[in-house]
2 protein chains.
Amino acid sequence: MGGDFGPCVTVPAALQALASNPNLYLLLVGDPTTLTPLLSKVDSSLSSRLEIVPAETVIAGDARPSQAIRASRGSSMRIALELIKEGRAQACVSAGNTGALMGLAKLLLKPVDGIERPALVTVLPHQQHGKTVVLDLGANVECDSTMLVQFAVMGAVMAEEVLGLSNPRVALLNIGEEESKGLNNIREAAARLKATSSINYIGYLEGNELLTGKTDVMVCDGFVGNVTLKTMEGVVRMFLSLLKSSSGSDRRQKQSWWLKLLGRWLQKRLSRRFGHLNPDHYNGACLLGLRGTVIKSHGAANSNAFAVAIEQAVQTVQRQIPERIAARLTSVLPKSD
Amino acid sequence: MGGDFGPCVTVPAALQALASNPNLYLLLVGDPTTLTPLLSKVDSSLSSRLEIVPAETVIAGDARPSQAIRASRGSSMRIALELIKEGRAQACVSAGNTGALMGLAKLLLKPVDGIERPALVTVLPHQQHGKTVVLDLGANVECDSTMLVQFAVMGAVMAEEVLGLSNPRVALLNIGEEESKGLNNIREAAARLKATSSINYIGYLEGNELLTGKTDVMVCDGFVGNVTLKTMEGVVRMFLSLLKSSSGSDRRQKQSWWLKLLGRWLQKRLSRRFGHLNPDHYNGACLLGLRGTVIKSHGAANSNAFAVAIEQAVQTVQRQIPERIAARLTSVLPKSD
């Protein structure tokens, strides 16, 4: 029910995901009177792997998380998370209120031992044809140094388990590379990471290093991570739209057929080259550090992008990411009191 | 003497600026034994408008600002600022330690009435062929709501005076557009801006709106502003380098002459289209809110980019930006106690 567009996006995305994953079974949690009409013309090969789980209320996107959580009984978000707790579902995908999702998930699914607060994490493509794990992307708007250190550990484990890297490089996002730069919590986290032998901490990196592949894991607080990721998306979308309008204006001008053809060929080539950077292709941040898989989709996701988030949930479950992270964390993190 | 490359970049940039501005007179503040050899082969038409002002020490880029300021007597940065105070210079351009520059400038040049802390500001091109004033870009890593409100006022005045806009739209950078989102200082600033009738406050905008032209002024704290600007630069540079390497690989393949020619034509066209986004073309952030013109260049600036920062100083002096802002602020800002 969540996100900027609700079921208009999530239901077509669900059908798309079912069509491409023959082993997928989906529970659509929400208002049946809204959902049922959207499913009326669905082929039985898909509808047989689809079930509506009724929910009476919806948590508003602009609700204060604390209030929303108190009044969450019977809401689609809470029921979806309860399905994981009851073992009826293996993962939950939501485009709804990030703060509420984070709070409810923590309440119902409990964090892994050693983790105080789960973090939103995503994997971004970088210039060296590899990928970078980035967290936190908005689950925690304020972070102390302990949280940043825990994010670093979770990010490193994720880089090992998901990207297959050994001894992944971990950096803190900061406004300069010198030790004296930045905020207190970052400097404290840096000192502690330096003293943690199991983490390959490489120091501070600045925003312009996010896509250069200098690090395998980039750690920051949720406010900065969210702004940074969205800024990046904004620039990428602007470039993609400029590329498109470039060829559009070609068409408006009078041109010989071969020039048109070549223009189109070149545009195709460029789109292929930049397509992997399209934010829609990596929609879906994983709420890391929980005993269960929760994927947060961009609120503004279209149905293609939301289908990518569902696919992420499938991958996370199949690769047993939460279990692997829990297992690794117990060996890496200091025991909590 | 400052920046990642020192006089190797700043001296050629100074000569470039002198060549393109026949009315420009430059004082190079620094170590004469380093500077003099770099000027040995300079044409007299330029060297006659160039003077070395000796300075014994240089503030290190990684020095803690508070320490650097205490030990600043005789340093190139301090002497450059003192030249403004003494009326011997009208502006100072530096690629050095941001914190030290900000602290020393405040100490020596004093903020305008009503401004507690100056802010670093720049003007970014946006998708609607206009420009957006963005501040703070790193002068203040932590900001309370009062500072954010003052930045909003300064940004609005700058948009009026520099971009020629009447009643410019002002937004706060946040992680969501709903009122409940974000950090306390941002929410407080929002409430106060809403109550300020002389400011056309339009609400929160997210990182992806930075280049869409939805606002004329975007306000954030210096940490977030710095990370955001650098992230943007990183993405733009990656795109520009991908465009370049795209055409490079064309050349390596065997192609007919007309395909090569057309490829090159299209690349030129794209470069023209994207060139205005090249971070080198808008290097130089103005330290706004002082009784004098101080321009901070990117530490990693090349000589073209540093020349742009010098040009910014020229423009700022010629348009009397500090004076205009001071005049406008007295009418807009509430009187301080």
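The table below lists the values:
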{"quantity": "B:K110 under 27 Å from B:G30 (Cβ atoms) and over 18 Å from the mean Cα position of the chain (by Cα)", "calculated": "yes"}
{"quantity": "Selected residue (criterion: nearest to the other protein chains (Cβ to nearest Cβ)) from residues of the stretch B:138-153 that are closer than 14 Å to B:V121 by Cα, in contact with a helix residue (DSSP H, G or I) (Cβ under 8 Å, 6 or more places away or on another chain) and not aliphatic (A, V, I, L, M)", "calculated": "B:G138"}
{"quantity": "Selection status of A:K106, surrounded by 19 or more Cβ atoms within 10 Å (Cβ to Cβ) and at pLDDT below 95", "calculated": "yes"}
{"quantity": "Selection status of B:A14, touching an Asp or Glu at 6+ places or on another chain (Cβ under 9 Å) and assigned to a helix (DSSP H, G or I)", "calculated": "no"}
{"quantity": "A:S94, sole failed condition from (1) surrounded by fewer than 24 Cβ atoms within 10 Å (Cβ to Cβ); (2) touching a Leu at 6+ places or on another chain (Cβ under 8 Å); (3) modelled with pLDDT of 95 or more; (4) not aromatic (F, W, Y)", "calculated": "(1)"}
{"quantity": "Residues of the stretch B:151-173 that turn out to be more than 18 Å from the chain's Cα centre (by Cα), of a type outside the set (S, T, Y) and surrounded by fewer than 24 Cβ atoms within 10 Å (Cβ to Cβ), as a count", "calculated": "5"}
{"quantity": "Residue identified as aliphatic (A, V, I, L, M) and not assigned by the TED database to the domain that holds A:V217 among A:L109, A:L124", "calculated": "A:L109"}
{"quantity": "Matching residues in the stretch B:17-46 - criterion: being in contact with an Asp or Glu (Cβ under 9 Å, 6 or more places away or on another chain) and farther than 19 Å from B:F306 by Cβ", "calculated": "none"}
{"quantity": "Residues of the stretch B:276-319 classified as assigned to a helix (DSSP H, G or I) and touching a strand residue (DSSP E or B) at 6+ places or on another chain (Cβ under 8 Å), total", "calculated": "9"}
{"quantity": "Considering residues of the stretch A:25-65 that are among the polar types (S, T, N, Q) and closer than 18 Å to A:S94 by Cα only, the residue surrounded by the fewest Cβ atoms within 10 Å (Cβ to Cβ)", "calculated": "A:T34"}
{"quantity": "Scope the stretch B:159-183; condition in contact with a helix residue (DSSP H, G or I) (Cβ under 7 Å, 6 or more places away or on another chain) and away from chain A (no Cβ under 14 Å); matching residues", "calculated": "B:E161, B:V162, B:L165, B:S166, B:P168, B:V170"}
{"quantity": "Close pairs from the stretch B:60-71: first within 9 Å of chain A (Cβ to nearest Cβ), partner assigned to a helix (DSSP H, G or I), Cβ under 6 Å, at least 6 apart", "calculated": "B:P65/B:G99; B:P65/B:A100; B:P65/B:G103"}
{"quantity": "Count of residues meeting criterion [at pLDDT 95 or above and in a loop (DSSP other than H, G, I, E, B)] in the stretch B:177-195", "calculated": "0"}
{"quantity": "Options B:S44, B:S40, B:S48; residue that is farther than 30 Å from B:Q318 by Cβ and either at pLDDT 95 or above or away from every other protein chain (no Cβ under 14 Å) (or both)", "calculated": "B:S40"}
{"quantity": "Matching residues in the stretch B:207-222 - criterion: being crowded, with 24+ Cβ neighbours inside 10 Å, at the interface with chain A (Cβ under 7 Å from one of its Cβ atoms) and of a type in the set (A, V, I, L, M, F, W, C)", "calculated": "B:L210"}
{"quantity": "Odd one out for A:D31, checked against (1) touching a strand residue (DSSP E or B) at 6+ places or on another chain (Cβ under 6 Å); (2) more than 25 Å from A:V141 (Cα to Cα)", "calculated": "(1)"}
{"quantity": "Helices (runs of 4 or more DSSP H) contained in the stretch B:44-152 and holding at least 2 residues more than 28 Å from B:P12 (Cα to Cα) and polar (S, T, N, Q)", "calculated": "B:65-70"}
{"quantity": "Every residue from the stretch A:80-109 that is in contact (Cβ under 8 Å) with a residue 60 or more places away in the chain and farther than 26 Å from B:G176 by Cα", "calculated": "A:I84, A:K85, A:R88, A:A89, A:Q90"}
{"quantity": "Among the residues listed as B:R88, B:R49, B:R78, the single one being basic (K, R), closer than 30 Å to B:V149 by Cα and not assigned by the TED database to the domain that holds B:M147", "calculated": "B:R78"}
{"quantity": "Residue match in the stretch B:187-201 (condition: touching a Gly at 6+ places or on another chain (Cβ under 9 Å), more than 11 Å from chain A (Cβ to nearest Cβ), acidic (D, E) and in contact (Cβ under 8 Å) with a residue 40 or more places away in the chain)", "calculated": "no"}
{"quantity": "Residues being within 19 Å of B:D62 (Cβ to Cβ) and among the hydrophobic types (A, V, I, L, M, F, W, C) - total across the stretch A:194-206", "calculated": "2"}
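The values are calculated or read from the model by the stated rules, or taken from the named source; none is laboratory data. Given the structure is predicted, the values throughout are model-derived calculations rather than measurements. Here Cβ is always computed from backbone atoms with ideal geometry, including for glycine, and neighbour counts include all displayed protein chains.
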